[in-house]
Every structure is written in structure tokens, then in C-alpha cells.
Amino acid sequence: MTSIHRLGRDAYVGQHWFLRETTELFRHAWCFVGTTRDFKEPGDYKTLDAGAFPLAVVRNRDGVLRAVHNFCRHRGATLFDGEAGNIGKSIVCPYHRWTYGLDGELRGVPDKETCFPDLDRSKLGLRTASLGVFKELVFANPDPSADFDDWITPVVDQAWPHDLFAADVREACSLTYEVKCNWKVFVENAIDGYHLAYLHEQTLGGPSPDKNIWKQAGDHMIWYANEDGVRHRLPKKIRDENGSVGTIKSAERTGYGGVYFLFPQTLIVPTPYGLSLTSVKPMTPNTSRLAIRHWVGPWQALDERKHIPGYDRKTGIISSDNWTQHPLETGDFQTEDVWICEKVQRGLNSPAFEAGPLSRGVGAEDPINWFHHSLLTKLQKQD
């Protein structure tokens, strides 16, 4: 890897770049949907946007999960509403009542003999997307021929400390952040080890750049810190009444922590105390959305949203528009990250901006070089 920024300003602020990513990169991207526990009954579904591609995953009558493109084959109306729900025994388009089975096959067309006498229903089932499951985590890909095993295999044998459905693991309330930055700015911040000892001096407290370790795993990367380089400052909410820190019994080894980045938009942070999974969703060239799910130990509170800076009870959205104190005074490292990412985006929007060098330390900013290289390689394959 070189020490030169691989992406220029337009990659972060340009509409052309944004459209290319959301239509070309995400056309073949594996995106997190939910867990198998989200689909308990036939008809249960979850929706997602894989870049420009609206998708849905639904459980059919045989209990099998199926991923489809979320639009009617007639005029394109979306079929699954909201983020999750139960569609019932069949999928009915509200526009003209074209009806599909939970298997995606077109079952009924009103007034078919009058309006579509020559219609071949067998050729107009819902467009299929790809689906994969890893440790109960469900992913979908707009490309019907995508190979999930090829994508996930490089991380299968990596350290993975939690069984999310274990008796001592509970899911906490999910969080949604709206962040005023390009999706890549947030990803780069998440895999940047250079800033941890500086921006997060009063929260994470490190480690210093020389204590960062990262490795590539196929399309993905794993970052962690040398144990001597970490100064854990754990919040009170994960301590018991005696002030001791509990660990989840299913954790494979105490002290494990780090970041799994599953290219292009999934960040997983497992620790002995819990696990968080963040989907970084591009919204516009200058905005992104973070959809975060948490799993914690039994000693932790399940709903801490009211304590998160910027949380709006009416909308359920966390935004810098609602901050009431300076981010560096909140004691919340996620707020610090949102603050700095939005500051970076404002700078990137200046026509005078020119990309500077990236550090070449073992785990400092070198992962960003890798991310840029991976992104460009994927896009070039589509040219």
C-alpha cells in the first residue's frame, strides 16, 4: 500500500460517485438484514436498502428465508412496507392487486383474461436476490448469483466470542443515527487506529498508533489492539452492584475486543461484555444512516437511549441537531465519532480541499488504504 490517498474529494461529495456506488458497488454487496430470530412465523419480513436496491427477506410457509427485490413486476410499487412486519399468507400489490406467494411466484392477476390474455405468470415472479446466514446473522445481496460462502468464509474461523442466542445474552434497544457525512467517511473513521489516542483521549483512552493491529481476511478486515496498548474505561452501566465487570459466559476469551469490517458496510464490535453490529447506509453524498443493534449481558440495561446525546424521543433518531452540549463533554465515544465525521465532511465540501497523505503505521491509517483499494477494485470490475 502507498501512503497516498486513493480517493479524491469528488468520491465523498459528488453525485456521480454516489450514484455509481449505490447502483454498481451495492448491486453485488452483502448487506446485513437481521437475525434468524427476527423471522419467527410464515410471512414475517424485514426490508433493507442495499444502496439503490430495495430488498426484502421473508419467511415462507416451509420456514425457509427468501430474499427478493421489493417491487411489483407490473408497475414497480414496493410491496413490503416499513422496516419489518408480517405480510400474511400472500404478497398483494395495493395498486392492481397482483398477488404473489411467499415463495415469490406470481399467483394471481385480476381480470387476467380481459387485460392480459397472453400473460405468462411463470415469467413474472418477484426478482430473486441472494441470501446467506452466518452465526444467525442474515445477509442479503441484490445479485441473485452472489456466492455467500465465498464472501463470508475468510472470517468464519476468526475469534468470535458470542452466541447471540445464549441464555446470558439479551438484545438491547436498537439505535438509529443520522449523520451528516458520506458513508465512506464513517467507515474510514471506524477502521482508523490513528485517532483513538487523540480524539478519544477521555473516553477510550487509546491505544496509541503503534499498538494497533489489523489483518485482511478476504474482502474483509479485522482490527484489534495490542493488550498493552489499551486503557479500558468501561461505563458504569456494564458493572454489577459491586463495581465488578461481568463477562458473557459464551465469550471465548476474556479481553477480546476489536472491529470486524465486513465489506462494504457492516461493522461488528465484539467484546467480553457484549456485541454491537452497525450497518452504514448511504443516503446522499453528504449523509448516511447508522442502524445499530446491540446484544448485552444480563447485568446491563436494555434501553439506554434517553442517555444518548442527540436522541429524539418522538422520532427515535439520534442526530447532532439535538445535541445540548459539546460532544467532547459528553463522555460518549460514539458522539465524538459522529462529531468528527461531520467536521471532516464539511471540510471535504470545500472546493479548496486536496487529499493529504495517510500514515503507513501497521494499524494506524493503513486500513483506509486497503479500503480505498478494495472499493476501486470492486468498481473497476463493473466497468
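Read-outs: derived from the displayed coordinates by stated rules, not from any lab. Values in this document were obtained by computation on a predicted structure and should not be read as measured data. Cβ: placed from backbone, ideal geometry, glycine included. Neighbour counts: every protein chain shown.
Local charge sum around Leu164 (other residues, Cβ-Cβ under 9 Å, Lys/Arg +1, Asp/Glu -1)?
That sum, taken over residues with Cβ under 9 Å, equals -1.
For segment 1-96, which GluC sites (Glu not before Pro) are in a loop by DSSP, counting at most 13 other Cβ atoms within 10 Å?
Passing sites in segment 1-96 are Glu83.
Please arrange Val57, Val133 by counting, for each residue, the other beta carbons lying within 10 Å of its beta carbon, fewest first.
Placing the least packed residue first, the sequence is Val133, Val57.
Using the structure shown, select from Lys135/Lys215; Lys46/Lys211; Lys215/Lys381; Lys180/Lys378; Lys215/Lys306 the pairs with a Cα to Cα distance greater than 30 angstrom.
On the way: Lys135/Lys215 21 Å; Lys46/Lys211 40 Å; Lys215/Lys381 23 Å; Lys180/Lys378 25 Å; Lys215/Lys306 37 Å.
Too far apart for the 30 Å limit: Lys46/Lys211; Lys215/Lys306.
Rounded if a/c is under 1.5, else prolate if a/b beats b/c, else oblate: with a ≥ b ≥ c from the C-alpha gyration tensor eigenvalues square-rooted, which is segment 12-147?
oblate
Under a 5 Å amide H to amide H cut-off, with H placed in plane at 1.01 Å, what residues pair with Ile317 once short-range neighbours are removed?
Those qualifying (amide H under 5 Å, at least 5 residues apart or on another chain) are Asp312.
Can you find, among Cys341, Gly108, Ile222, the residue farthest towards the positive end of the dipole of the chain? Put +1 on the C-beta of Lys and Arg, -1 on that of Asp and Glu.
Farthest along the dipole direction, towards plus: Gly108.
Can you run phi through the Karplus equation (6.51, -1.76, 1.60; θ = phi - 60°) for segment 83-95 and list ³J(HN,Hα) in whole Hz, with x for Gly and Pro?
Once θ is set to phi - 60°, the couplings for segment 83-95 become 8, 6, x, 10, 7, x, 7, 8, 10, 10, 6, x, 6 Hz.
Would you please name the GluC sites (Glu not before Pro) within segment 319-354 that are DSSP coil residues with at most 14 other C-beta atoms within 10 Å of their C-beta?
Of the GluC sites (Glu not before Pro), the ones in loops of segment 319-354 whose Cβ has at most 14 other Cβ atoms within 10 Å are Glu354.
For the chain, give the magnitude of the charge dipole about the Cα centre (Cβ charges: +1 Lys/Arg, -1 Asp/Glu; no others), in debye to the nearest 20.
Dipole of the chain, to the nearest 20 debye: 660 debye.
Calculated from DSSP H runs of 4 or more alone, at -39500 (n - 2.57) each and per residue, what is the 222 nm mean residue ellipticity of the chain, nearest 500?
After summing the helix terms and dividing by the residues of the chain, the value is -4500 deg cm²/dmol.
Per residue, how much space in cubic angstrom lies within the convex hull of the C-alpha atoms of the chain?
Details: hull volume 60.7 nm³, N = 383.
Per-residue hull volume (Cα only) is 159 Å³.
Under the rule that a partner needs its Cβ under 4.7 Å from the first Cβ, which Cys of the chain have none?
Among the cysteines of the chain, those whose Cβ sits 4.7 Å or more from every other are Cys31, Cys115, Cys173.
Tally Lys and Arg at +1 and Asp and Glu at -1 over the other residues with C-beta under 9 Å from the C-beta of Trp295: what net charge comes out?
+1
Counting only other residues whose beta carbon sits under 15 Å from that of Phe148, what net charge do I get with K and R as +1, D and E as -1?
-4
At most 16 other Cβ atoms within 10 Å plus a DSSP loop assignment makes a site exposed; report the longest stretch of the chain without any exposed trypsin sites (Lys or Arg not before Pro).
Values: sites that count: Lys40, Arg61, Arg75, Lys89, Arg97, Arg127, Lys135, Arg231, Arg233, Lys249, Arg253, Arg313, Lys314, Arg360.
Result, exposed sites excluded: 136-230.
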